[in-house]
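Read through the structure below, which is laid out as structure tokens, and then see the notes.
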Amino acid sequence: MMTTASTTRESGKSETMSASSQTVASPIIGPVRRQERIEAMDVLRGVAILGILFVNMGLFSLPEGLPARELWPNVVDRIVERLILFFAQEKFKALFSFLFGLSLAVQMMRTEARGARFLPLYARRLFVLLLIGVAHFVLLWDGDILHDYALLGFILLLFRRRSLKTLLVWASIFLSIPVLFHGLATYYSTTRQVSPQLMNWISYENAEDQATIEETRRIYSRGTYAEMITLRASELPRDLTPDTEDAYLIAIFLLGLYVGRRRIFHDISAHLPFIRGVQRWGLMIGVAGNAAFAVGGSFDPSPTSVMQNVGRTCLLFAGPAMGFFYASTIILLMQSEAWRRRLAPLAAVGRMALSNYLLQSLICTMIFYSYGLALFCKVRPSLGLLLAMIIFLIQIPLSVWWLRRFQFGPIEWLWRSLTYWQCQPMRVSTRQPQVHLTPQTQP
């Protein structure tokens, strides 16, 4: 399971969040038409893909639990590591989680407006996403979060018709679970008086033992592909075990569902004061909390240290706050035609975010693992940041090129075809409008 930020497999969850994936033709539902997509959501998804890669680059290149500072203690790499913690860690995972909840509301409203049954369709989508995520985890990278989103999506369905106030109340309840955990861990750090059961929980949630780290390093540096599959398969049961990260994700899902039910993305111009308020408060809370998080680990990186746990508690609020600041800023920029034109290529990345997310895993594992360039534990954070930028700059034109020819990304096509149990048309019809670099009007 993606642990928060530094170990958070911020893996992008991509089309998981695609708010506009279902539509209906006559009484039968099918994939959403291009003109029905909400452009702002696609742009946000595309931006999040970049931030996710910044964080995941360190997770691709190092064993979980081995801080980069132990291999590269120089000033430049320490600064890069702190900048990633401050600007990227947890922010883009929170943004994707928010979009996931938002997508549930948007898809539900669209489906029911056409008189179709929403629940069976969405349940099939989640089941297919679960299969894709498990395959990604076992065959390619153990940082997958798609299977987590799929499983937690079934829980989110329980809240789809609850009142807006109830959604906020339950979001607070779920968020209090990781807050309580870090509070107890902080108490243990200061008093060293804690029950053995709680200590086991703290160790389970936070730490990897040194023997596990070294074995992971050996397998990914010099081992065979079969050894990697065996290792990841053995990790899957633990990854499927509920933990505090799940509660955190559900809390953000519920906030997305709340915004979707309020139809804020359907009529952005009418909600500009609310969006500006989110931008203002998100910046203030985000800067203060993320500073505490980024600085805290510098003094004592131990998962049971006071500084570390106080910082991570701040991150539970500051990560989403900064993510919402990014989102609101982008939405406000998109009210200008010039900025809409500049940001439009990112919408292509967002429309096929699931494919781009898996492509990032494929590229990075080929760079770092033994069956590729075998650079595991050999790439310093500053170079990793440069690699992430290069990969993303390739994905932007590639996504635009692909969507000029095809209606969906390749994995999105597979997801839809398995969901509807019918092969979906792939190529762009000459009768349909082509993908343009200028955004379409909000539906």
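General remarks:
- For segment 249-386, the fraction of 1.4 Å probe accessible surface lying on carbon and sulfur atoms is 69 percent.
- Å² of accessible area per residue within segment 60-202, as computed with a 1.4 Å probe and no ligands counted: 41 Å²
- A 1.4 Å probe, protein heavy atoms only, puts the accessible area of Cys423 near 100 Å².
- Ranking Phe54, Phe96, Phe274 by solvent-accessible area of protein heavy atoms (1.4 Å probe, all protein chains present), from largest to smallest, gives Phe274, Phe54, Phe96.
- Summing +1 for each Lys or Arg and -1 for each Asp or Glu among the other residues whose beta-carbon sits under 15 angstrom from that of Ser382 gives +3.
- Centre-to-centre separation between the Cα atoms of segment 235-295 and those of segment 333-405: 23 Å.
- With a cut-off of 20 Å on the backbone N, the residues of segment 53-74 near the modelled label site 7 Å out from Arg222 along Cα-Cβ are 61-64, 66, 71.
- On segment 104-189, 72 percent of the accessible area sits on carbon and sulfur atoms, based on a 1.4 Å probe.
- The residues of segment 311-404 expose, per residue, 38 Å² of accessible area to a 1.4 Å probe.
- The stretch between Ala291 and Ile173, if pulled fully straight at 0.36 nm per residue, gains 40.0 nm over its current Cα-Cα span.
- Classified by the C-alpha gyration tensor, segment 92-183 has an oblate form. Its axis ratio a/c, with a ≥ b ≥ c, is 1.5 or above, and a/b does not exceed b/c.
- Residue ranking by accessible heavy-atom surface, 1.4 Å probe, largest first, among Leu359, Leu158, Leu386 comes out as Leu158, Leu386, Leu359.
The values are calculated or read from the model by the stated rules, or taken from the named source; none is laboratory data. Please read all numbers here as calculations on a predicted model, not as lab measurements. No Cβ is skipped: glycine too gets one built from the backbone with ideal geometry, and neighbour counts run over all protein chains shown. Note: areas computed on protein heavy atoms with side chains; ligands, DNA, RNA excluded. Shrake-Rupley method; radii C 1.70, N 1.55, O 1.52, S 1.80 Å.
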